[in-house]
Amino acid sequence: MNTALCYNEADKVTPMKKSEIPFGAQFSPNQVDLSRLLQIIHDEAGNRGKIAEIIRDEFFATHAETQRLKLADNTILALRAYELLDEDGATPSALASDLLELAGTLEMYEAFAKHILINLRGISFVETVEIMQAAGEEINLHSLRKRLESRGLHVPRGAVHLSSLRLWLAQAGVFDVDAKRGARLYEVDQARLKQVLGMDVDAISSLSQLTAAQRAFLRALACIPETGTVVANKVADLATTLYGAEYNHKDLPKSILFPLRDLGYVELTKSTTGRGAKPYEVSRTPKFAQEISNPVLTSAAQQARLVPREFFEQPLTQILLDLGSTDKHVKGRALEFLTIYFTRLLDLDFKGWRTRSVDTGGAEVDVIVEGARFIFSRWQIQAKNTSSVRLGDVAKEVGLALTFIYSNVVMIVTTGNFTQDAHSYANHVMKTSSLNVILIGGAELKRIGQDPTEVATILNDKAERAMRIKERSDYFVAQ
């Protein structure tokens, strides 16, 4: 279950459940007219009371008088949740102004659907529907809510949020707008989905030809912030670590590299290093940037809300250089870049800052990130720009993970080193709990800076070590 976290200066946490699907009560195409709503909030901008009165009289006039204003207020809350009104519930957002210019057209619904898909977990909603269909599961509001929960996306019981979101996507053709019940409600029109997301016909055609292993290779390639060439075999290893894709390295050119080259996503050159048969090196093309990398980065930045896209584009070599600066502001910003670097490299979803560098004088920064591959997982990533990380530093993060944040993984990254006591404590925690503790020191950071795909080797080594630490042979009896 996902949890929104509120932190005070004493580093205490108050769990507060928050729906991952925007509040949708009294806000669906069956209840309100979007074009008219946009006009109302612009005409009466700044006057929440007047906005509520007009909504009450125009959309809920047939309801009981005692309920009408409450229903109108729900609509305002939904407009805020869908980011059409600012937090004051009275000021139209930039998105609302853009949509108003398209009022009454299909383009308005397409633009709104794109916003929902990219910024409001709409893609996760659609993916979950497709997962359930592939598994032959019955899809209804109850089963869909439970499936979303299993992927770490909290939706309150009995909420109408799911219905409202599906109906808005249907207005753009992502779902069948005429479907009223049954399996047709959740049939995804893939062509419309890709059109709404901004991909042209050629891109749709080429991406539909890709195998799962080819898609995983491209996705892993998009996780690497550094520009220039990268060894193809190492990208494949990263794809295996992140997505479980399996590759035969001897067959990699024929099964993966040549098809991606022929589709225009990569260029290939022969490596000049290493013994024996030289592996291919891969460079990314403008088509890769336009159709794969740019949408990934834009989506990541928009989902992270307050994190600018430039945070996701910083190479580790520059980050490490800035961490050595004498300027506290430069060091602090670099520390934030470092946590986001790992968020992108490991293809995790940024959820929020816990400690910002501005509060620590550039010494440390923490983020909460999450992933839903295979199983839902929540990560704490702490970056420290100190020469030594001690047992107490690790214990503090572990304590938060076990009692407040309920993380699955604690990752601490430092430009310095971990003391022996810190390593011993991390091993003890992994042996006695389900928590995984990943410690990445300065030497490993330099390895990743020289070759980002080294993160696969480093994490796999740590995973194997953790498996040995956690091994419990006493649970098994020979037959």
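If the cut-off is a Cα-Cα distance under 24 Å, which lysines reach Lys384, setting aside same-chain residues fewer than 8 apart in sequence?
Leaving aside lysines fewer than 8 places away in the same chain, those within reach of Lys384 are Lys12, Lys328, Lys331, Lys351, Lys396, Lys446, Lys462.
Compute the distance in nm between two label points, each set 7 Å from the Cα along the Cα-to-Cβ direction, one at Thr386 and one at Ser143.
5.1 nm
Report the gain in length on full extension from Ala135 to Ile458: 0.36 nm times residue separation, minus Cα-Cα distance, nm rounded to one decimal.
Length gained, Ala135 through Ile458: 112.9 nm.
Using r as the Cβ-Cβ distance of Thr326 and Thr211, and R0 as 56 Å, what FRET efficiency do you calculate, to the nearest 0.05?
Here the calculated transfer efficiency is 0.65.
Take every Cα-Cα pair in the chain and report what % of them are more than 36 Å apart.
The answer is 38 percent, as a whole percent.
Sort the following peptides by mean Cβ neighbour count (other Cβ atoms within 10 Å, averaged over residues), highest first: 127-140, 383-396.
Order by mean packing, descending: 383-396, 127-140.
When only C-alpha pairs under 8 Å and at least 6 residues apart count, what is the relative contact order of the stretch 206-291, in percent?
30 percent
Tell me, which longest segment in the chain has none of the chymotrypsin sites (Phe, Trp or Tyr not before Pro) that fall in DSSP loops with at most 12 further Cβ atoms within 10 Å?
Longest gap between qualifying sites, sites excluded: 1-373.
On alpha-carbon atoms, Rg over Rh for the stretch 153-202 using Kirkwood Rh?
1.05
In Å³ and rounded to a whole number, note down the convex hull volume per residue for the Cα atoms of the stretch 305-474.
So the per-residue hull volume is 118 Å³.
Across 5 Å bins from the origin, how do the percents of Cα pairs in the stretch 20-83 run, short distances first?
3, 20, 32, 27, 13, 4, 0
Quick one: if the Förster radius is 41 Å, what FRET efficiency do Gln420 and Asp176 give, using the C-beta to C-beta distance and rounding to 0.05?
It comes to 0.10.
Can you compute the modelled spin-label distance between Ser271 and Ala183, with each label point 7 Å from Cα toward Cβ, in nm?
Label-label distance for Ser271 and Ala183, simple model: 4.7 nm.
Given C-alpha coordinates of the stretch 206-291, what is the ratio Rg to Rh with the Kirkwood estimate of Rh?
0.92
Please state, to two decimals, what the Cα-based radius of gyration of the stretch 19-195 comes to when divided by 2.2 N^0.38 Å (N = residues).
Compared with the compact-globule rule of thumb, the stretch 19-195 sits at 1.03.
Bear in mind these aren't lab numbers, they're just calculated from the coordinates by the rules spelled out. Just so it is clear, the model here is predicted, and its values are computed rather than measured. Cβ atoms come from the backbone with ideal geometry, glycine included; neighbour counts cover every protein chain shown.
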